[in-house]
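Written below as structure tokens is the structure these notes are about.
The values are calculated or read from the model by the stated rules, or taken from the named source; none is laboratory data. Just so it is clear, the structure is predicted and the values come from calculations on it, not from any experiment. In this analysis, Cβ positions are derived from the backbone assuming ideal geometry, glycine residues included, and neighbour counts consider all displayed protein chains. Side chains included, ligands, DNA and RNA excluded: accessible areas come from the protein's heavy atoms. Shrake-Rupley method; radii C 1.70, N 1.55, O 1.52, S 1.80 Å.
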Amino acid sequence: MDTKHELYENKVYFLGRLTATVFLLLTFAIPVTLWLKWGILPTKEGFIAGLIVIMSLIPLISAGEFLSFAPIIGSAGYFVMLLSGNWMNIKVPASMVGLQSADIDPNSEEGEVLSTMAVAASAIVTEIIILVGVLLLTPFTSFFAQPSIKIGFAQIVPALFGALLFASVITNYRTVIVPAIVGIVIVKLNIASGLYNIPIMIAISVFVSYFLFKVGFFGKKEEEVNQLTTEIET
Amino acid sequence: MNYLEIANSPLLYVITIIILTVLSAQAIIFYRLAQKRAKELNIDKKTIRKVVKAASITTVIPSIAIIVGLISLAPAMGVPISWARLGMAGSLMYELTGASIGAKTMGAQLGAANYTPQAFANSVWVMTIGVVPAFLYAIFFLRKYKKRVKEAVSKDTRLQNVIITTILVCVQISFVLPALFSGGSSAYAVGIAAAVMAIMTFIIVKFKAKWLREYALSTSMLMAVVVVILLNK
């Protein structure tokens, strides 16, 4: 690994950790202001109950997201995603489509750098669109309040993943088989609460896919394929 | 003083704008850092432009969905807090869950008559605290985890591809299956988006229209939304 790469990585993690810490503290400005300026605080019992409920859900969900998305988004991009949110519905698809459009391997160093630029650009675009939304909130409210428009826009996430899943099927249908079977079992049998579906599905599917890979389910190894091609050619 | 007057006060707008400015500044800093590294790696400008353009186009439609979320959250939480929460860490689903838990544990319902200033404050605290674990994981474990993943799969890039694709497909399936099983508009949306994607893929391959790839996902989403709107008219 060259020094320039290491320098870049060091910078990314230093800046990433710094901005994440500062930002996290900054987000507390809202509830703290409500408390100090207007004296609005929840009751102790209500606060503790809320804390227990959210802490029984979120740490596991966040861990699942962390384990799933850290390998596929560049480290710098991950820190941008951390602050700007909307991972599954915006940032991850935006990064994937960006890399695919230029035929970049997400596992390469080029992929790492370009996915960061994709996520950063995506974050800025989202902020601009929300800003426009806030400025035009009154006319937007009456437009989006129409029942059919409301139902339509509520379907963006299923539509997004329907299209992406189709793309996955035609790119490599073999990788879809295991998650599809695991998914059907989990969803149909209602094994886990909706919030835990994704991490459980990923854990089981990755485990099964790993073994299937070892027995050659996903095709022959590259060297074997190359060897075979050479043999055929000769 | 009505809590909504507080929730929509200028001071909260100022805090929101500061938070979102810091967020945008960080995105710009990392963009420039990556741009510099891209230059060192001899990635040409055309490739960068292509990636950034495709990512930006893909972002537009789902971002409009956030405005819809803003419209549903703002009457209960006020505009500035809804704006801040939806523009940063988290997502609409998470924020609605957090706000509702905050209300419920105070014996109230989000936005209902029993939603007192205290219940409102509880929603805000729960939403704020809820994102803390994600930050802690990234701050303390991201580097170690990424290094371990790389070491574990670097010997075989094909295994790496299989694992990464499996993770992505799981995310896709976890949204598609419930939509299909629930039927109605969600199932139509999945089917239409997949069909449009199929048609666009066919065009891209048949006519070698590679430039269309960056519009494929957005077009599929948009068509699905439009058809569902027309079906519900």
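Post the alpha-carbon centroid distance, region B:30-78 to region B:124-146, in whole angstrom.
22
Helix-derived [θ] at 222 nm for chain B: sum -39500 (n - 2.57) over DSSP H runs of at least 4, divide by residue count, nearest 500?
Calculated from helices alone, the mean residue ellipticity at 222 nm is -28500 deg cm²/dmol.
Counting only heavy atoms of protein chains, what accessible area per residue, in Å², does the protein assembly as shown have with a probe of 1.4 Å?
45
On a 0 to 90° scale, report how tilted helix B:92-104 is relative to the longest principal axis of chain B, with both axes built from alpha carbons and the result rounded to the nearest 10.
Here the helix axis deviates by roughly 20 degrees.
Between residue B:28 and residue B:144, what is 0.36 nm times their sequence separation minus the Cα-Cα distance? Round to one decimal in nm.
39.2 nm
Roughly how many Å is it from the Cα centre of region A:33-94 to that of region A:1-29, as a whole number?
After rounding, the separation between the Cα centres reads 18 Å.
State which entries of B:36/B:144; A:4/B:36; A:91/B:53; B:50/B:210; A:91/A:188 exceed 18 angstrom in Cα-Cα distance in the structure shown.
Exceeds cut-off: B:36/B:144; A:91/A:188.
Where is the GNM fluctuation largest for chain A (alpha-carbon springs, 10 angstrom cutoff): A:151, A:200, A:181?
A:151
Report the label-to-label distance for residue A:4 and residue A:105 in nanometres (one decimal), using points 7 Å from each Cα along the Cα→Cβ vector.
Inter-label distance under the simple model: 1.9 nm.
I'd like the mean, over residues of A:201-212, of how many other protein chain beta carbons sit within 10 Å of each residue's own Cβ.
4
Bin all alpha-carbon pair distances of region A:79-173 at 5 Å intervals from 0 and give each bin's fraction as a whole percent.
Histogram of Cα-Cα distances, whole percents per bin: 2, 11, 16, 19, 20, 14, 9, 5, 3, 0.
Which values of log₁₀ I(q)/I(0), to two decimal places, follow from the Debye formula for the protein assembly as shown at q = 0.10 Å⁻¹ with a uniform point scatterer at every Cα?
Normalising to I(0) and taking log10 leaves -0.74.
Through the Karplus equation 6.51 cos²θ - 1.76 cosθ + 1.60, θ set to phi - 60°, convert the phi angles of region A:141-150 into ³J(HN,Hα) values in whole Hz; use x for Gly and Pro.
Rounded to whole hertz, the list is 4, 6, 5, 6, 7, 4, x, 5, 5, 4.
Roughly how big is chain B's charge dipole about its Cα centre, with Cβ charges of +1 (Lys, Arg) and -1 (Asp, Glu), in debye to the nearest 20?
1420
With +1 assigned to the C-beta of every Lys and Arg and -1 to the C-beta of every Asp and Glu, and no other charges, what is the dipole magnitude of region A:1-56 about the Cα centre in debye, to the nearest 20?
220
Taking chain A as a Gaussian network, where each spring joins two C-alpha atoms under 10 Å apart, which residue of A:16, A:162, A:98 fluctuates the most?
Ranking A:16, A:162, A:98 by mean-square fluctuation puts A:162 first.
Compute the Kirkwood hydrodynamic radius of chain B, taking the inverse of the mean of 1/r over all pairs of distinct Cα atoms, and give it in Å to one decimal.
21.4
Choose one of B:217, B:186, B:122: the residue whose Cα lies farthest towards the positive end of the charge dipole of region B:112-233 (beta-carbon charges +1 Lys, Arg; -1 Asp, Glu; about the Cα centre).
Result: B:217.
Leaving out ligands, DNA and RNA, and with a 1.4 Å probe, what % of the accessible surface on the protein assembly as shown is carbon or sulfur?
With neighbouring chains kept in place, the figure for the protein assembly as shown is 68 percent.
Can you give the Rg/Rh ratio of chain A, where Rg is from the C-alpha atoms and Rh is the Kirkwood radius? Walk me through the numbers on the way to the answer.
Details: Rg = 22.4 Å, Rh = 21.8 Å.
Dividing the radius of gyration by the Kirkwood radius yields 1.03.
Each residue of region A:178-188 in turn: what ³J(HN,Hα) in whole Hz from Karplus with 6.51, -1.76, 1.60 and θ = phi - 60°, glycine and Pro shown as x?
With the stated coefficients, region A:178-188 comes to 4, x, 5, 5, 4, x, 4, 4, 5, 6, 5 Hz.
As I understand it, the dipole of chain A uses +1 on the Cβ of Lys and Arg and -1 on the Cβ of Asp and Glu, about the Cα centre. Which of A:50, A:186, A:121 lies farthest toward its positive end?
It is A:50.
Per-residue HN-Hα couplings for region A:119-133, Karplus 6.51 cos²θ - 1.76 cosθ + 1.60 at θ = phi - 60°, whole Hz, x for Gly and Pro?
Computed from phi, the couplings for region A:119-133 are 5, 5, 4, 4, 4, 5, 4, 4, 4, 5, 5, 5, 4, 4, x Hz.
For n ≥ 4 DSSP H runs only, could you compute -39500 (n - 2.57) per run for chain A, divide by its residues and tell me the 222 nm figure to the nearest 500?
Values: 12 runs with 184 residues, N = 234.
About -26000 deg cm²/dmol.
With r defined as the distance between the Cβ atoms of residue B:45 and residue B:204 and R0 fixed at 22 Å, what FRET efficiency is calculated, to the nearest 0.05?
0.40
Express in whole angstrom the spacing between the alpha-carbon centres of region A:101-169 and region B:87-108.
Centre-to-centre distance over Cα atoms comes out at 21 Å.
At 25 °C and a viscosity of 0.890 mPa s, what translational diffusion coefficient does Stokes-Einstein give for region B:3-139, taking Rh as the Kirkwood radius over Cα pairs? Give it in µm²/s as a whole number.
145
Taking the Cα centre of region B:1-107 as origin, sum charge times position over the Cβ atoms of Lys and Arg (+1) and Asp and Glu (-1), and report the length of that vector in debye to the nearest 20. Don't jump to the answer; show the numbers that get you there.
Details: 11 positive and 4 negative charges, 157 e Å.
My answer is approximately 760 debye.
Report P(r) for region B:144-231: all Cα-Cα distances, bin width 10 Å, range 0 to the bin holding the largest distance, values in whole percent.
Percent of pairs per bin, in order: 15, 30, 29, 20, 5, 0.
I'd like the accessible area for residue A:207: 1.4 Å probe, protein heavy atoms, all chains in place, Å² to the nearest 10.
Rounded to the nearest 10, the figure is 130 Å².
Taking region A:125-219, which trypsin sites (Lys or Arg not before Pro) meet the DSSP loop condition and have no more than 11 other C-beta atoms within 10 Å?
none
If the elastic network links every pair of Cα atoms under 10 Å, which of B:126, B:190, B:52 fluctuates the most in the Gaussian network model of chain B?
B:52
How many Cβ atoms of partner chains, on average, are near each residue of A:2-8 if near means within 10 Å of its Cβ?
Partner Cβ neighbours, averaged per residue: 2.
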